[in-house]
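A quick write-up on the structure given underneath.
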Amino acid sequence: MKLTPDDPTTIASRNGRDSRSESFATRFTRSELTVLSRAAAKDGMKVREWAREALLREARRADDPMFTELIATRMILLNLLKPLAMGQVVTPEDFMRISATVRSDKRKVAQEIQQQYTTASSKEF
């Protein structure tokens, strides 16, 4: 039996995922392709597979709740450790104020930090 892309029993559907039916093309310089090829090889992948994963990871990264919560934890620690290191007492009211500030600012701060990483990564190439 020959399987066709429209056949519901294709390998993709048997593996429990939707078949990939959409694509787009882009062009790279030889030096860009070399960079991509090295990165893919480092991860043990073919360039197209690696590029697909990298694009999806980048697209999903903007709304990464784990990253946002990690940044929130960092913000709480930094805001608590500074007064403690200076010998000050952190009152329950201080803690509540810090927590409220972190809750309201964590997404904005996470986006700013993510932007810093994105800018630094693009400069490395």
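The values are calculated or read from the model by the stated rules, or taken from the named source; none is laboratory data. This is a predicted model, so every value here is computed, not measured. Reconstructed Cβ throughout: ideal geometry from the backbone, glycine too, with neighbour counts over all protein chains shown.
State all residues of region 65-84 that are surrounded by 14 or more Cβ atoms within 10 Å (Cβ to Cβ) and under 13 Å from VAL109 (Cα atoms); if no residue qualifies, say none.
In the first step, residues of region 65-84 are kept if they are surrounded by 14 or more Cβ atoms within 10 Å (Cβ to Cβ); the result is 67-68, 70-72, 74-76, 79-80, 83.
The answer is PHE67, THR68, LEU70, ILE71, ALA72, ARG74, MET75, ILE76.
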remark   = Looking across region 17-42 at residues that are surrounded by 12 or more Cβ atoms within 10 Å (Cβ to Cβ) and outside any helix (DSSP H, G or I), the single one that is modelled with the lowest pLDDT is SER19
query = Considering region 72-110 alone, what residues qualify as being assigned to a helix (DSSP H, G or I) and β-branched (Val, Ile, Thr)?
reply = THR73, ILE76, ILE98, THR101, VAL102, VAL109
task = Looking only at region 54-68, decide whether some residue is hydroxyl-bearing (Ser, Thr, Tyr), under 14 Å from the mean Cα position of the chain (by Cα), within 21 Å of THR119 (Cα to Cα) and part of a helix (DSSP H, G or I).
result = yes
inquiry  = Pairs needed: first member in region 18-30, farther than 15 Å from ALA51 by Cβ; second member anywhere, among the basic types (Lys, Arg) and surrounded by 10 or more Cβ atoms within 10 Å (Cβ to Cβ); C-beta distance under 9 Å; at least 6 residues apart or different chains.
reply    = none
note = Counting only residues in region 95-123 that are touching a Leu at 6+ places or on another chain (Cβ under 9 Å) and not aromatic (Phe, Trp, Tyr), the one modelled with the highest pLDDT is identified as ILE98
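Conditions (1) modelled with pLDDT under 95; (2) not hydrophobic (A, V, I, L, M, F, W, C), marked per residue:
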| residue | (1), (2) |
| --- | --- |
| LEU56 | yes, no |
| ARG60 | yes, yes |
| ILE76 | no, no |
| GLU93 | no, yes |
